[in-house]
Every structure is written in C-alpha cells, then in structure tokens.
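The values are calculated or read from the model by the stated rules, or taken from the named source; none is laboratory data. A quick note: this is a predicted structure, and the numbers were derived from the prediction, not measured. As a convention, Cβ positions derive from the backbone with ideal geometry for all residues, glycine included, and neighbour counts pool all protein chains shown.
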Amino acid sequence: MISSLPLLPPFLPLLIGAIAAIVLRGHLRSAIMLLTPIWGALQLTAMEPGLYWTMEFMGYTLEPVRVDKLSMLFGYLFHLAALIAVIYALHLKDTLQHVSGLSYAASAVGAVFAGDLLTLFVFWELLAFTSVFLIWARRTDRAYGAGMRYILIKVLSGVLLLAGAIILIKQTGSARFAEIGLGHEGMMNLGAWLIFIAFGIKCAFPFVHNWLTDAYPEATPTGTIFLASFTTKVAVYALARGFPGTELLVWIGIVMACFPIFYAVIENDFRRVLAYSMINQIGFMVVGVGIGTSLALNGAVAHAFNDVIFKGLLMMTMGAVLHMTGRINGSELGGLYKSMPKTTILCIVGAASISAFPLFSGFVSKSMIMSAAIAEGYDIVWLLLLFAAAGVFHHAGIKIPYFAFFAHDSGIRTTEPPKNMLLAMGIAATICVLIGTFPAHTVYALLPWEATYQPYDITHVLTQLQLLFFSAMAFVWLNLRHLYPPELPSTNLDADWLYRKWAPSFVVPIYAAISGTINKLEVRAKGAIKQLIDHSYDKEKGQPKGYFAQLWPTETMVFWVALLLVGILILYYI
Amino acid sequence: MKNDQQQPDFFDKPENISKILKVFYAICILLVVADFIVHRHIYHAWEQLPAFYAIYGFVGCVVLVLIAKAMRKVLMKKEDYYDQ
C-alpha cells in the first residue's frame, strides 16, 4: 500500500498530521495522529540512500533530503518517539499541544535529513518555534517565563548557526552539511566555531544548559515527553555529523556527564532531576562523538536512541504522577506504589535501563562509549564516566523510584493514569527490554559505522553488577545512617542565576537610571522652550515682545529685501 | 479498597524490609566473592585491584552525596526565589 503512494520528504507525513490535527476533532483526530508516525516510518523503509529533490538557490545547490545510515537511524528513532508521545497524549483535548507536538516532531525529522546548512537552519529554528508552545500550554506564569527564556536562547542558537553557515558557504562555495571540524584558518575558523557553539547551545553544553533544566520541568506532563525526545538528540546528530573526533568534545562531554549528578541528588522537582540526568546522558554521547572512533560514534548514536526511549519512559512515569496527583516534588510524594503499582513497575524498568543494568537498554550502548574511551587511552575520562554511571544509578535509578513510590507514605491515594498513558509507557518499557536483551537485532542493526562490539561477556556483566549494587549499597548505608539529604522544597542556584538574578541586579538599575535621565532632560527641555516662549510674548498686550515680531509682515519683508540687495551690491563690487 | 488502605502493605512491615536488605547484602557479598573466582578481563591497570568496581561504586556514591549535601549550603534558596 505504501509503495503505491508517492514518495514524500520524510518530514511531511508528520507535518500533514499536525495540520490535520488543527481541523479534525475527536476519534478522527486521534486516528490520524496515530497513523502519521507509522506512515512516516514506513515511508522511510522505502527510501534508498542518496539525495532527493536537490535544487539551485542563489547559485548554491540545496539538498533538502539526504538519506544515509546516520540520518536514517535518527529518522526511525524520531518516528518511534513521536508515536509513543502521541499515544501518551491521546487523552488530551488540547489542540495546541497536539499540533505543536507533531509539527515539532516533523521539524526534528526534517533537521536530521537536511543535507545542506540552510535547510538545517530552517528546521533548527522550526524546532524552537514549534516546541515552545508545549511549555506555554501549561498556562502558568512560571511556564510563560521559562518559555520566553527558552525561545530567546534557541533563537540565539539559530542566529549563530545562520551566521556560521553563511561564512562557511562563502568560504567553501558549497552549502553541503558534512564534516566541519575545528582548527581552520581565518574566517573559516570563525564560521566553524559559530556553528559549533550553535550546536552546543542545543546540546546543553555547560553554562548554556539551563534552558533545559529551566523549561522542560515547566512544560505540560505530555509536552515534556515530546521535548525530551527531539531537540537535544538533533544536536547530538549534528555534532556527530559535523564534528566527529573533535577532542574538545571529550572534555566538554565529561563535564556534562559529571556536574549534573550533584544537582540531581539535591533537586526536589523530579522532572528537573530527570532534566539534569538528561544532560548527564548527553554528556556520554558528546564524549563518544569527541573520541570519534567507529565504536565511539556508534556508541554515541546508539545511546541517543536508547536515551530517547528510557528517558521518555521515566518522564512519562513522572508525568503520570503529576497528572494524577498534581504534585511532582519529592518532598510531597511517597508511598505511591500502593495506588499506582503498574506505574511503579514501569518506572523501575526505566530506572534499570538508564542505570545500564544487564538485559536493559542502557547496558548495551553506554558501555560502547566507555570501551572506546579506554581503548583510546582516555584513562581519566574512563574513570569519570564510571563515576557518572554510578551517579546516574544513584539519582535516576534509586532516588526517583524510591522517593516517589516508596519511602514514607505521603498519604496520597490516587489511581493508575489513563489507559493510553499506561500503553505508551508499556511500549517504551518493552522496547527498553527488547533492545537490552537482543541488541544485535534491534539498535545495533541500525548503527551507521562499521564496528563489532559484544556487550555480553562475564567480565562486563560482573563488573557492571558490582558497580551498581555497591552504588545501591552506598544509598542504603547513607539512608540508615540518616546521612542522605532529605527532599526539601527549594530552588538550587545554577548558571541561570547569572541571567535571572545577577544581570538583572545591575542591568535593571542602569536601565532605570538611563530612562530616568532621559525623562529629566525631556522635562527640562520642555521647560526651557516654554520659558523662551513666555519671555518673547507679552500676554497682557496680546503681542510678541521683540522689535521685528511687532512689525507687520510686509514692513519686515521690505527691511530684509533691502538688506539682501545691499549685500548683493557689495558682493558685486568685490 | 478501604480495607487495603488500613492494612499495612508489604513495604510497611519492618520485618519485610529487613528480609529484602538481607537478600541485598547476600547478593553484594556474592558479587565480591565472584570477583575472586571468575577470571575477568583486565583492560586497565586499576582494574587489577580486587573488587575495584565495588569499591569505586560505593566510595564514588558516598562522595557524590556528601559533596551534593555540602553544595546545598551555598546553592539552596527558597522555592519562590526566582518568583520574587
């Protein structure tokens, strides 16, 4: 059936779904929204590697659709993620969220199939503008503010990408998006760095990561699932395509893998804990891209694939908790396993996957990156990645399930979330186990680079279990000793403090001082003009005070004409 | 449903918790013992240390939590800090 349909650009089915969602209502809308990701994915199977719909634009060749193994992997991933997120959001009647979610997924697909920098830029900006509505759809003041900060940072990233792209296209004469790398000469270097920073902002590099931890936890329960799936993974794809083997990325990645776990331990909002843990997981991928061997790059994209599913699953379970109880802070939750046993089990599957337990998806991809690190002699990096792997188990694997579903009973009694939510979580959990158990037939089959890797051997299983069980032992010991930091209602300062408190602390007074001065000057100038008018006009007599102003206009004219004639006469004789 | 709520659940009983913990400790001990029986591949010199992964996991996590706890003294503000 699919083969009889005309071949469309990969992003179009999802976009058609989004447009249909604007006009359709009820079951028809649900059906179309469910069908479009499936239609899109089936279409991908019919596409051969190569370039499609190339065209000339201002003397440059645009390649809006480039199909190769790397773009294909992300293409399938995004359709799968869109399907899961759509199922999770089926109970909603909010047209805004449905339209925005699907068009956001379409932008992500468009971005990974973009063969040239200009097409990439268009989808890069569309990603920002379509997704921000998922944050605003929460319809709270906080969400509005977070959405504004989100869109500002995203637009900045887009502007940098466009500037870099223009420089690169001018310098190389080609618009093609291929390996860029750092360390060029002159203008080319500037262009490469601008693109690198643009990718870095979307990838949540340290100090520009706060759009993620700020905005994702403020979005709607269903919106966060879309958000967590696309933007950062497009950025990882872009880095893998543009900057593979750039050593700087190893060091950036290791910082990303390590610092968020400290924040995750003390953060109270569980969706924000997951946002921090997302940066931690992207850190692993960035390290993989930075190492740049086939194994490392395969590990990076395989981990991106798995992360979308297991992080989505964890976000969905927390979304379900928020949806059913209206609460998401650790300090207010606990004991939910009594009323949400299915959600509890699904959350534990997600936790086991992100922590890389054997037979769960994280196990087969995280270890590829770590093996590559040790093979390339990055000893310190390997040791820190091991620390980050233990840390992620600690906060995402134990803290979230424990404090949400067990710990002390908060007294909250609720029910399981709507069936569609459970189904979406069930699908994601099944995929986590399938990938973890049969990696060779699932995610490994899609990997773009040639490398052989066998995750299951005694050494790897044993060492991983030791690492995880003794990390859990640390949690048990700290808890029994009452050393574990309690969940407290709080805000933890992060780099966003710079632009949310510090910069406003002097920018606002400076702005106030400048606008105050301008106001004062205006008042004085008006006063002076008024004074001038008052001085030159006699109100009592009802006539101006000055000599010339008092004469009739004809007399004045005669005087000035006479003066001019005298002037001309004098000039004539000179 | 009401009856369910009044009866203490499985995890509410301290004896169940201590049973779970005992199983957990037993698994931990077995994993360390296995380290001496199984010949594992050594990719790096540090791994030669017996039970390297167990020690590293435990110490790493304790250090992580204690540092994070100390960070609270500097970083923790009221919940509505940014709303003011």
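Scanning region A:508-531 turns up no residue that is within 30 Å of B:F24 (Cα to Cα) and either over 32 Å from the mean Cα position of the chain (by Cα) or facing chain B (nearest Cβ under 9 Å) (or both). Residues in region A:371-396 that are crowded, with 24+ Cβ neighbours inside 10 Å and touching a Leu at 6+ places or on another chain (Cβ under 8 Å): A:A372, A:A373, A:A389, A:A390, A:G391, A:F393, A:H394, A:A396. Pairs are defined by a Cβ separation below 8 Å, a sequence spacing of at least 6 or placement on different chains, a first member in region B:20-35 that is under 17 Å from A:T463 (Cα atoms) and free of Cβ contacts under 8 Å to residues at least 12 places away in the same chain, and a second member that is in a helix (DSSP H, G or I) and among the basic types (K, R); no pair meets this definition. Would you confirm whether any residue within region A:240-260 is in contact with a Cys (Cβ under 9 Å, 6 or more places away or on another chain) and buried (at least 23 other Cβ atoms within 10 Å of the Cβ)? Yes, region A:240-260 has at least one match. Scanning region A:487-501 for residues that are of a type outside the set (K, R), more than 30 Å from A:D409 (Cβ to Cβ) and within 12 Å of chain B (Cβ to nearest Cβ) gives A:L493, A:D494, A:A495, A:D496, A:W497, A:Y499. Selection of region A:560-574 for residues being among the aromatic types (F, W, Y) and surrounded by 10 or more Cβ atoms within 10 Å (Cβ to Cβ) yields only A:W560.
Apart from one condition, B:A54 fits all of (1) over 14 Å from the mean Cα position of the chain (by Cα); (2) within 7 Å of another protein chain (Cβ to nearest Cβ); (3) under 26 Å from A:L384 (Cα atoms); the exception is (1). Among the residues of this structure, A:S361 counts as one that is within 26 Å of A:N420 (Cβ to Cβ) and buried (at least 24 other Cβ atoms within 10 Å of the Cβ). Please tell me if A:F469 is within 14 Å of another protein chain (Cβ to nearest Cβ), aromatic (F, W, Y) and part of a helix (DSSP H, G or I). The answer is yes for A:F469. Would it be correct to say that A:A356 is in a helix (DSSP H, G or I), surrounded by 20 or more Cβ atoms within 10 Å (Cβ to Cβ) and assigned by TED's automatic domain parsing to the domain that holds A:K419? Judged against the criteria, A:A356 is not a match. Every test in (1) in a helix (DSSP H, G or I); (2) touching a Ser or Thr at 6+ places or on another chain (Cβ under 6 Å) is passed by A:G350 save one, and that test is (2). Output the residues belonging to region B:64-82 that are surrounded by fewer than 14 Cβ atoms within 10 Å (Cβ to Cβ) and more than 7 Å from chain A (Cβ to nearest Cβ). Hits for region B:64-82 are B:A70, B:K73, B:V74, B:D80. Residue-level check: of (1) within 13 Å of another protein chain (Cβ to nearest Cβ); (2) touching a Lys or Arg at 6+ places or on another chain (Cβ under 9 Å); (3) of a type outside the set (D, E), A:G350 misses just (1). Restricting attention to region A:373-401 and to residues that are part of a helix (DSSP H, G or I) and more than 27 Å from the chain's Cα centre (by Cα), the residue that is nearest to the other protein chains (Cβ to nearest Cβ) turns out to be A:I374. Do we have any residue at all in region A:432-449 that's in contact (Cβ under 8 Å) with a residue 40 or more places away in the chain, surrounded by 15 or more Cβ atoms within 10 Å (Cβ to Cβ), touching a Lys or Arg at 6+ places or on another chain (Cβ under 6 Å) and on the phi < 0 side of the Ramachandran plot? For region A:432-449, residues in contact (Cβ under 8 Å) with a residue 40 or more places away in the chain, surrounded by 15 or more Cβ atoms within 10 Å (Cβ to Cβ), touching a Lys or Arg at 6+ places or on another chain (Cβ under 6 Å) and on the phi < 0 side of the Ramachandran plot: present. Going through (1) touching a residue at least 24 places away in the same chain (Cβ under 8 Å); (2) outside any helix (DSSP H, G or I) one by one, A:R139 falls short only on (1).
Residues checked against (1) modelled with pLDDT of 90 or more; (2) in contact with a Pro (Cβ under 7 Å, 6 or more places away or on another chain); (3) in a helix (DSSP H, G or I):
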position	(1), (2), (3)
A:Y456	yes, no, no
A:T463	yes, no, yes
A:P485	no, no, no
A:S505	no, no, yes
